[in-house]
Amino acid sequence: MLPCCDTVIITGASIANGTIEDLLSLTRPGANVLVTGPTASILPDALFARNATIVSGVKVSDPDLTIDLLSEGVGAYHLFNRCVRKINILKN
């Protein structure tokens, strides 16, 4: 079904589970392809080279606090507005 879609949203989990390449290869040229999730923002150029048009993720503003909070078991939601912020990177 992906080759028929005008808009495709793929989560960053596909990077972790190894399916990102296959999913991106199935998208049609000209489709709006969003790859989203904290893991996605570290690879925008690689994703853009493979048909992604928007990469949505996070930017860590305070790495030490982020590590401290994660080691205490807080959920990712609690990191926002404290040490990470949401970002969207658009393909030129």
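Key figures
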item	result
Output for segment 83-92, where each listed residue is loosely packed, with under 13 Cβ neighbours inside 10 Å and more than 14 Å from the chain's Cα centre (by Cα)	ASN92
Residue among THR66, THR39, THR19 that is surrounded by 14 or more Cβ atoms within 10 Å (Cβ to Cβ) and either out of contact with any Leu (no Cβ under 9 Å at 6 or more places or on another chain) or modelled with pLDDT under 90 (or both)	THR39
Filter result for SER56 (under 24 Å from ALA76 (Cβ atoms), surrounded by fewer than 18 Cβ atoms within 10 Å (Cβ to Cβ) and touching a strand residue (DSSP E or B) at 6+ places or on another chain (Cβ under 8 Å))	no
Helices (runs of 4 or more DSSP H) completely within segment 1-90 that count 3 or more residues being of a type in the set (A, V, I, L, M)	13-16, 20-26, 63-71
Counted residues, segment 34-66 - those being of a type in the set (Val, Ile, Thr), under 20 Å from PRO3 (Cβ atoms) and in contact with a helix residue (DSSP H, G or I) (Cβ under 7 Å, 6 or more places away or on another chain)	1
Qualifying residue in segment 70-82 (condition: within 30 Å of MET1 (Cα to Cα) and either buried (at least 18 other Cβ atoms within 10 Å of the Cβ) or touching a residue at least 24 places away in the same chain (Cβ under 8 Å) (or both))	no
Qualifying positions in segment 65-92 - farther than 30 Å from GLY30 by Cβ and polar (S, T, N, Q)	THR66, SER71, ASN81
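The values are calculated or read from the model by the stated rules, or taken from the named source; none is laboratory data. What you are looking at is a predicted structure, and each value in this text was computed from that prediction instead of being measured. Note: ideal-geometry Cβ built from the backbone for every residue, glycine included; neighbour counts use all protein chains shown.
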